[in-house]
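This report concerns only the one structure given below.
The values are calculated or read from the model by the stated rules, or taken from the named source; none is laboratory data. As the structure is a prediction and not an experimental result, all values here were calculated from the model. Virtual Cβ from ideal backbone geometry, glycine too; neighbours counted across all protein chains shown. Keep in mind that these areas ignore ligands, DNA and RNA; they rest on the heavy atoms of the full protein, side chains included. Shrake-Rupley method; radii C 1.70, N 1.55, O 1.52, S 1.80 Å.
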Amino acid sequence: MEPDLVKSSLFYADQRLCSAEILSPSEVRARIEVAVLNFLKILTSPTPAVATLPLVSRTSDNSGLRHGLLSDVSSVFLSHSICTRSLTRANDAKAFIRVWKVMEICFQVLHQGKLVTQRELFYKLLSDSPEFFTSQRQVNITVQDVVALLRCTRQSLGIMASSRGAIIGRLLLQDAIFQRLAEDRLFNQIPCILITAKGYPDIATRFILHRLNQNFPDLPVLALVDWNPAGLAILCTYKFGSITMGLESYRYACNVKWLGLRGDDLQLVPQHSLVQLKPRDLQIARSLMSSKLLQETYAAELTIMVEIGHKVEIEALYCHGFDFLGKYIAGKIVQADYI
């Protein structure tokens, strides 16, 4: 990394690892003011120009995997490589303006001492600036741009995650499996907390798991995911965080273990319950195999999936009866049969 690239950012540190800081409202407001003043300084200089916004690059080329010094938790990290948003580039112009719009709202929210969800932020921006914000995704990406510019967490910006997940009773589950095990009251058989993010892991659920992992590092966090590339991708997102979370990724990583299904369990599943891998599955598999995250045992499972060309959903175990799943999970936990 060239020094001038590092120093091209507004707020840089000397270490290779780049992460978002937890700052007070006054510190965040000060950083926003610095960004505004720097922008105006360039505009009013003897040789005025439209400034670019130096953001920490959120790409796989700028990412790596760091291992915890005091725990088993590993997480994705970003280096100090910089990308830019520019008002003069056609594809960037609206994204450039969105950053200022979000910073403006965050400045107001912090001044008022409030917190808003990203959904609330979307509706506010949709109302104030409909020509720039037409989807929740645009808001989510822009929030990450602001994090990458100011080097502070979204919580420091006054933005909180709203969870779509549910917790009762330290198992990660699909929603349907969650309902089954809740009804079977698995937590009365095996001391555990059942957690579902109802699909792809949302920020709030991942943060809860991260905190549980910090407070109770000796207790395993176990994931029951389908035996397929998408299930493994979800597991890795819980385990390492994600590049899309950029500088905040370390705050959402959790030392999660794969409870099952796994290749050794295929004998429990009828042949007709195996589902052929689709092109999207193979695409996810190739992406995982080429990543820096996949540990050897996970890669071995993925290799088997690709070789046999099929995947299996957890619900396939219901061929043994609806009460089988709870017994299966309890047995796995007692035998510490997870990786």
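Annotations for the structure displayed:
- Partners of residue 327 within straight-line reach, counting lysines whose Cα lies under 23 Å from its Cα and excluding those fewer than 8 residues away in the same chain: 198, 257, 311.
- Residue order by solvent-accessible surface for 33, 183 is 183, 33, largest first, with ligands and nucleic acids left out and a 1.4 Å probe.
- Based on alpha carbons, the Rg and Dmax found for region 232-339 are 15.2, 45 Å.
- Estimated 222 nm signal from helices in the chain, with DSSP H stretches of n ≥ 4 weighted -39500 (n - 2.57), rounded to 500: -13000 deg cm²/dmol
- By DSSP, the beta bridges lying fully in the chain are antiparallel in about 60 percent of cases.
- Cα lying deepest toward the dipole's positive end in the chain, options 149, 317, 266, charges on Cβ: 149
- Positive dipole terminus of the chain, leading residue within 81, 283, 122 (C-beta point charges): 122
- Surface/4 of the Cα convex hull for region 24-101, nm²: 7.7
- Sequence of 320, 272 from largest to smallest accessible area, 1.4 Å probe: 272, 320
- Put a plus charge on the Cβ of each Lys and Arg, a minus charge on the Cβ of each Asp and Glu, and nothing anywhere else: the dipole of region 136-265 about its Cα centre is then about 340 debye.
- Entry comment: accessible area of the chain is 49 Å² per residue, from protein heavy atoms only and a probe of 1.4 Å.
- Alpha carbon convex hull of the chain, volume per residue in cubic angstrom: 161
- For residue 85, residues with placed amide H under 5 Å, excluding near neighbours: 53, 55
- Computed with a 1.4 Å probe on the full set of protein chains, the accessible area for residue 310 sits at about 60 Å².
- Region 192-339, relative contact order in percent, only Cα pairs under 8 angstrom and at least six apart counted: 27
- Listed residue pairs exceeding 21 Å between alpha carbons, taken from 94/292; 41/101; 292/332; 41/124: 94/292; 292/332; 41/124
- Between residue 114 and residue 200, the modelled label-to-label distance comes to 2.9 nm, taking each label 7 Å out from Cα in the direction of the beta carbon.
- Spacing of the two label points (7 Å from each Cα toward its C-beta) at residue 306 and residue 324, in nm: 3.0
- In this calculation the C-beta distance from residue 297 to residue 123 is compared with R0 = 30 Å, giving a FRET efficiency of 0.10.
- Accessible area (Å², 1.4 Å probe, nearest 10) - residue 200: 120
- For the chain, with +1 on Lys and Arg beta carbons and -1 on Asp and Glu, the positive-most of 234, 139, 293 along the dipole: 139
- Rolling a 1.4 Å probe over the protein heavy atoms of the chain, with every protein chain left in place, gives an accessible area that is 55 percent carbon and sulfur.
- With the alpha-carbon atoms of region 257-317 aligned to their principal axes, the span from lowest to highest coordinate is 34, 27, 17 Å, starting with the largest.
- Check: the chain dipole with +1 on Lys, Arg Cβ and -1 on Asp, Glu Cβ, in debye: 740
- Backbone amide hydrogens, once placed in the peptide plane, bring residue 160 within less than 5 Å of 116, 117, 118, excluding anything fewer than 5 places away on its chain.
- Temperature 20 °C, viscosity 1.002 mPa s: under these conditions the Stokes-Einstein estimate for region 98-236, based on its Kirkwood radius over C-alpha pairs, is 126 µm² per second.
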